[in-house]
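The values are calculated or read from the model by the stated rules, or taken from the named source; none is laboratory data. Only a predicted model underlies this, so the values are computations on that prediction, with no experimental measurement involved. In this analysis, Cβ positions are derived from the backbone assuming ideal geometry, glycine residues included, and neighbour counts consider all displayed protein chains. Just the protein is used for accessible areas: all its heavy atoms, side chains included, with ligands, DNA and RNA removed. Shrake-Rupley method; radii C 1.70, N 1.55, O 1.52, S 1.80 Å.
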Number of protein chains: 2
Amino acid sequence: MNPDRQCMSDAIRDSLTSRIFDGTLKAGDRLVELEIAREFDTSQTPVREALRELESLRLVDSAPYRGTWVRGISDREMVEAYAVRGVLEQLAAELAAPRLKGDVAEIRESLSLIHESARVGDIEGYAKHNLDFHRGIVLASDNEVLIQSWDRLSFEARVRLHLRSQHEPRLIERAREHDEPVDALERGDGVTAGRLLRKHAESCKQRWLDRSLTTEVDESIPERQPVNASYLS
Amino acid sequence: MNPDRQCMSDAIRDSLTSRIFDGTLKAGDRLVELEIAREFDTSQTPVREALRELESLRLVDSAPYRGTWVRGISDREMVEAYAVRGVLEQLAAELAAPRLKGDVAEIRESLSLIHESARVGDIEGYAKHNLDFHRGIVLASDNEVLIQSWDRLSFEARVRLHLRSQHEPRLIERAREHDEPVDALERGDGVTAGRLLRKHAESCKQRWLDRSLTTEVDESIPERQPVNASYLS
DNA sequence: CACCTGTATATTATCGATAATGAGCCTGCG
DNA sequence: CGCAGGCTCATTATCGATAATATACAGGTG
């Protein structure tokens, strides 16, 4: 939100964020304030601030006097988020087209990285470049509110959290869905690009739906880890 | 976010929020932590938490060691927000239509209040019922992520902040723009309802643009109130 | 008089300690 | 054996005090 926060609470926030992203912290894991404070050799206060910020990013949940824990993301929520993402990117494309004036070099750059990752089967890379690609279009819209709204969907977190559970991703085929929208953008046809991007999001959503229906195993979100241990130890 | 926070920081947050909404706190006003703490007869800590939360709601801005102040909303941002709102409500209508199964009673209720307010020239009432109307459709989508995204646009704050500067609102004419989308929803045609709602948002956006171009007087956002006073007093 | 530099002050960021709360355990009763 | 009530403790929420920082002003310099 603000340019250059250099305070402790921000360092903690960033560190915890990457732990959630890289899977060190899993859904349901508890975040105990004093424990984290000890680890960062700081007091409880900045930790609390960091946790509250993570909460506003919807990465964690909390309840008064009951603590904070990593939020799980249900399949339903993923599906909902793809729907929202679809219309946001549709708008982004419409706004971006007249601004880009056909200069889609940067976007094509991401696109080729997507294809490359797909070719070699690099799921992590695919996810990363895919996000860059989509965010690139959103940024090109030059609509700050739109960018914020898109960022708030936290697709980075969403995707990463589920990365490990992805089977048979058919990356090469999926990568192709990005080609047509870029072509449309290049010729300045934002409306078409938008429509295609929305369709793309819909198909991602559909894939998720299918996956969640077939993989019916333990789709429940870990509510919250039980309290540490007995104090008898 | 969470059901029942009863702690001090939440009370402070709510109180400050309404002050921003009702104009007691204006764009650029500084929020000094210890000052607020004294007023609520509490310590600095819960005030800080409240301020951070307001920041995540984008009602205030802050910078490290420089404090917190009420955020101004530029005409440009309003225009951007209307564009985003348009596509979000388009999606909302599409999702809502099949769920409502023609039962638009609740929405019509808001609609008639809009018309009534327009008839008697009650700007405040119009704004309120207008928000109820739009949010009602968003809620009917039953897409939690969408609802969150819409709420994050903070149109309540946006509209209220600018309420005082509205001239010649042509309420009656504007109110009519809501009729057709509801008709479409009633007959289950979500796509049409969505298209109309988006068009409606576009026309709100356009009105704002026109207004901001004609009212060129002091459209600058108060950056930040100067520090209290000299310590010489 | 414009501009730079140093200093005082207001204010934020953080600390360590205390109060408040909820979760689990244990007991005794039915 | 199941369950309600009280107790213990881990943990959060808040406090009061201190460290760190930015801003305004004063004074000096060209």
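Filter region B:48-60 down to the residues that are farther than 20 Å from B:Ser149 by Cα and more than 8 Å from DNA strand D (Cβ to nearest atom) and list them by number.
Once the filter is applied, which keeps residues that are farther than 20 Å from B:Ser149 by Cα and more than 8 Å from DNA strand D (Cβ to nearest atom), region B:48-60 yields B:Arg48, B:Ala50, B:Leu51.
Please verify whether region B:52-60 includes one or more residues that are within 30 Å of A:Leu95 (Cα to Cα) and within 12 Å of DNA strand C (Cβ to nearest atom). Outline the logic, then answer.
The initial filter retains those residues of region B:52-60 that are within 30 Å of A:Leu95 (Cα to Cα), namely B:54-60.
Pick out the ones that are also within 12 Å of DNA strand C (Cβ to nearest atom) and you get B:55, B:60.
Yes; the residues of region B:52-60 include at least one that is within 30 Å of A:Leu95 (Cα to Cα) and within 12 Å of DNA strand C (Cβ to nearest atom).
Quick one: would you say A:Ser74 is at pLDDT below 95, within 14 Å of chain B (Cβ to nearest Cβ) and open to solvent by 10 Å² or more (accessible area, probe 1.4 Å)?
For A:Ser74, the condition - at pLDDT below 95, within 14 Å of chain B (Cβ to nearest Cβ) and open to solvent by 10 Å² or more (accessible area, probe 1.4 Å) - is met.
Restrict the check to region B:92-101 and report whether at least one residue is touching a Pro at 6+ places or on another chain (Cβ under 9 Å), in a helix (DSSP H, G or I), open to solvent by less than 30 Å² (accessible area, probe 1.4 Å) and more than 20 Å from A:Arg52 (Cα to Cα). First the steps, then the outcome.
We begin by selecting, within region B:92-101, every residue touching a Pro at 6+ places or on another chain (Cβ under 9 Å); these are B:93.
Remaining after also requiring in a helix (DSSP H, G or I): B:93.
Narrowing the set further to residues that are open to solvent by less than 30 Å² (accessible area, probe 1.4 Å) leaves B:93.
Narrowing the set further to residues that are more than 20 Å from A:Arg52 (Cα to Cα) leaves B:93.
Yes, there is a match, as at least one residue in region B:92-101 is touching a Pro at 6+ places or on another chain (Cβ under 9 Å), in a helix (DSSP H, G or I), open to solvent by less than 30 Å² (accessible area, probe 1.4 Å) and more than 20 Å from A:Arg52 (Cα to Cα).
Can you tell me how many residues in region B:52-66 are more than 7 Å from every other protein chain (Cβ to nearest Cβ) and not charged (D, E, K, R)?
5
Given the criterion under 24 Å from A:Ala140 (Cα atoms), in a helix (DSSP H, G or I) and either open to solvent by 20 Å² or more (accessible area, probe 1.4 Å) or touching a residue at least 24 places away in the same chain (Cβ under 8 Å) (or both), identify the matching residue among A:Leu34, A:Leu54, A:Leu88.
Working: A:Leu34 fails: under 24 Å from A:Ala140 (Cα atoms); A:Leu54 fails: under 24 Å from A:Ala140 (Cα atoms).
Within the list A:Leu34, A:Leu54, A:Leu88, the selection yields A:Leu88.
Quick grid of which residues meet (1) farther than 20 Å from A:Ser9 by Cα; (2) among the hydroxyl-bearing types (Ser, Thr, Tyr):
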site	(1), (2)
A:Gly23	yes, no
A:Arg30	no, no
A:Arg38	no, no
A:Thr42	no, yes
A:Ala50	no, no
A:Glu55	no, no
A:Gly72	yes, no
A:Lys101	yes, no
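For B:Glu77, all conditions in the list (1) within 12 Å of DNA strand D (Cβ to nearest atom); (2) under 16 Å from the mean Cα position of the chain (by Cα) hold save one; what is the number of the exception?
Failing condition for B:Glu77: (1).
One line per residue, one yes/no per condition, for (1) open to solvent by 10 Å² or more (accessible area, probe 1.4 Å); (2) among the small types (Gly, Ala, Ser); (3) part of a loop (DSSP other than H, G, I, E, B):
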| residue | (1), (2), (3) |
| --- | --- |
| A:Leu16 | no, no, no |
| A:Arg48 | yes, no, no |
| A:Met78 | no, no, no |
| A:Ala81 | no, yes, no |
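What number goes with the only condition from (1) within 16 Å of DNA strand C (Cβ to nearest atom); (2) open to solvent by 50 Å² or more (accessible area, probe 1.4 Å); (3) more than 23 Å from A:Met8 (Cβ to Cβ); (4) modelled with pLDDT of 95 or more that B:Gln6 does not pass?
The number of the failed condition is (4).
Would you mind telling me which numbered condition in (1) farther than 15 Å from A:Glu53 by Cα; (2) modelled with pLDDT of 95 or more; (3) over 14 Å from the mean Cα position of the chain (by Cα) B:Leu51 fails?
Failing condition for B:Leu51: (1).
Within region B:93-104, can one find any residue that is without any contact (Cβ under 8 Å) to a residue 60 or more places away in the chain and within 16 Å of DNA strand D (Cβ to nearest atom)?
To start, the set of residues in region B:93-104 that are without any contact (Cβ under 8 Å) to a residue 60 or more places away in the chain comprises B:99, B:103.
From what's left, within 16 Å of DNA strand D (Cβ to nearest atom): none.
Within region B:93-104 (the criterion being without any contact (Cβ under 8 Å) to a residue 60 or more places away in the chain and within 16 Å of DNA strand D (Cβ to nearest atom)), the answer is no, since none of the residues qualifies.
Taking into account only those residues within region B:127-157 that are hydroxyl-bearing (Ser, Thr, Tyr) and open to solvent by 10 Å² or more (accessible area, probe 1.4 Å), which is modelled with the lowest pLDDT?
Checking each candidate, the answer is B:Ser154.
Check region A:38-45 and report whether any residue there is open to solvent by less than 40 Å² (accessible area, probe 1.4 Å) and not hydroxyl-bearing (Ser, Thr, Tyr).
No.
So A:Trp69 passes all but one of these: (1) modelled with pLDDT under 95; (2) assigned to a strand (DSSP E or B). Which condition number does it fail?
Answer for A:Trp69: the failing condition is (1).
How many residues does region A:13-41 hold that are within 12 Å of DNA strand D (Cβ to nearest atom) and either of a type in the set (Phe, Trp, Tyr) or more than 14 Å from chain B (Cβ to nearest Cβ) (or both)?
9
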